[in-house]
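All remarks here apply to the structure that follows.
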C-alpha cells in the first residue's frame with residue numbers, strides 16, 4: 001500500500017498564480033515526521049521543511065506555506081505568487097518507525113511543477 | 001562545508017558489466033542512504049547504513065546489488081552483471097543521525113546508462 005501519495009503527477013501554472021501540491025500519508029505510528037523536498041532541474045534534492053506529528057500549526061516561509069491536517073492525513077504545500085524558479089519536482093516524505101526499530105523514510109512519487117512565464 | 005558528493009556523475013556501461021558507484025557523505029553524518037530514481041519516477045529506497053549497525057538492505061532489488069560503507073564514511077554501491085533496467089539515477093543521501101526528525105542531504109547523483 002502506498003504510504004505517501006502525491007496524486008498530482010504534473011501541474012502547470014502561469015507565473016504569479018498560487019498553486020497547492022497535495023500530499024496524503026498513511027501511518028499507524030503516533031510519532032512521525034513529514035518532510036517536503038524540492039528537486040530542481042539540476043537534479044539535487046533540497047530539504048524544504050519538516051513537521052512532527054504533534055505540531056499541527058501551519059507554517060509560512062516567504063511565498064511557501066504548509067498545511068498539516070492529521071484528521072485527513074494530509075500535508076499540503078502551497079506556493080503563492082509562483083515564479084519560474086519554482087519549477088521543479090517536489091517530493092513529500094514520511095519518516096516512521098520501522099520494524100527493526102530504526103526510522104525509515106518513505107518518499108512519494110513527486111509532483112512536477114511547471115511555472116510558465 | 002562540503003556537501004554529499006558522488007562519483008562518477010555519469011556512467012555508461014554495457015549489459016553484463018559490473019559497475020561501482022561512490023558516495024562521500026557529509027563529514028560527521030552517521031546515516032547514509034542509497035536511492036534509485038528512474039526517469040520520471042519517485043525515489044526507490046535501496047539500502048540504509050547507520051553507524052556501525054547492520055545495514056538495512058530491504059530495498060535492494062536483486063542479489064546483483066550490494067553496498068558497503070567503509071569506516072563509517074564513504075560508501076560504494078556495486079551492481080553486478082548490469083541489465084538495461086538498471087539504467088537510472090542513483091542518489092546518495094546522508095543524515096546527521098538515525099532519528100526520525102533528521103532531514104537528508106542529497107548528492108547530485110550518478111546517472112547510469114546500461115546499453
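Every number in this text was worked out from the coordinates using simple rules, so none of it is lab data. The structure displayed is predicted, hence computed values, not measured ones. A quick note on method: Cβ atoms are made from the backbone with ideal geometry, for glycine too, and the neighbour counts reach across all protein chains shown.
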Check your understanding: Over the protein assembly as shown, what number does the Rg to Rh ratio reach, with both radii from the alpha-carbon atoms and Rh per Kirkwood?
Key -> 0.97
Study note, to complete from the structure: Taking only C-alpha positions in the range B:1-49, Rg and Dmax in angstrom work out to 12.9, 38
Check your understanding: Taking the C-alpha atoms of the range B:4-81, how large are the radius of gyration and the largest Cα-Cα span, Dmax, in Å?
Key -> 12.6, 37
Study note, to complete from the structure: Going fewest to most other Cβ atoms within 10 Å around each Cβ, A:106, A:60, A:49 line up as A:60, A:49, A:106
Revision key, fill the gap. Quotient of Cα radius of gyration and Kirkwood radius for the range A:44-93, i.e. Rg/Rh, equals 0.97
Review point. Most exposed first by the Cβ proxy, i.e. fewest other Cβ within 10 Å, how do A:17, B:103 rank?
Key: A:17, B:103
Revision key, fill the gap. One finds the C-alpha centres of the range B:2-30 and the range B:38-91 to be spaced, in Å, by 10 Å
Review point. Given a Förster distance of 22 angstrom, what is the FRET efficiency for residue B:78 paired with residue A:44, based on the Cβ-Cβ distance and rounded to 0.05?
Key: 0.40
Point to revise | Theoretical gain in end-to-end length, residue A:7 to residue A:69 [0.36 nm per residue, Cα-Cα removed] | key: 20.6 nm
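If you count, for every residue in B:102-109, the Cβ atoms of partner chains within 10 Å of its Cβ, what is the mean?
Mean number of neighbouring Cβ atoms from other chains: 6.
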Exercise for review: Would you mind ranking A:80, A:30 by Cβ crowding within 10 Å, fewest neighbours first?
Suggested key: A:30, A:80
Study note, to complete from the structure: Partner shielding of B:58-64, as the mean number of partner chain Cβ atoms within 10 Å, equals 1
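Give the Rg/Rh ratio for the range B:40-115, taking Rg as the radius of gyration of the Cα atoms and Rh as the Kirkwood radius, to two decimals.
With Rh from the inverse mean 1/r over Cα pairs, Rg/Rh is 0.96.
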Study note, to complete from the structure: Ratio for the range A:18-117, C-alpha Rg to 2.2 N^0.38 Å, reads 1.09
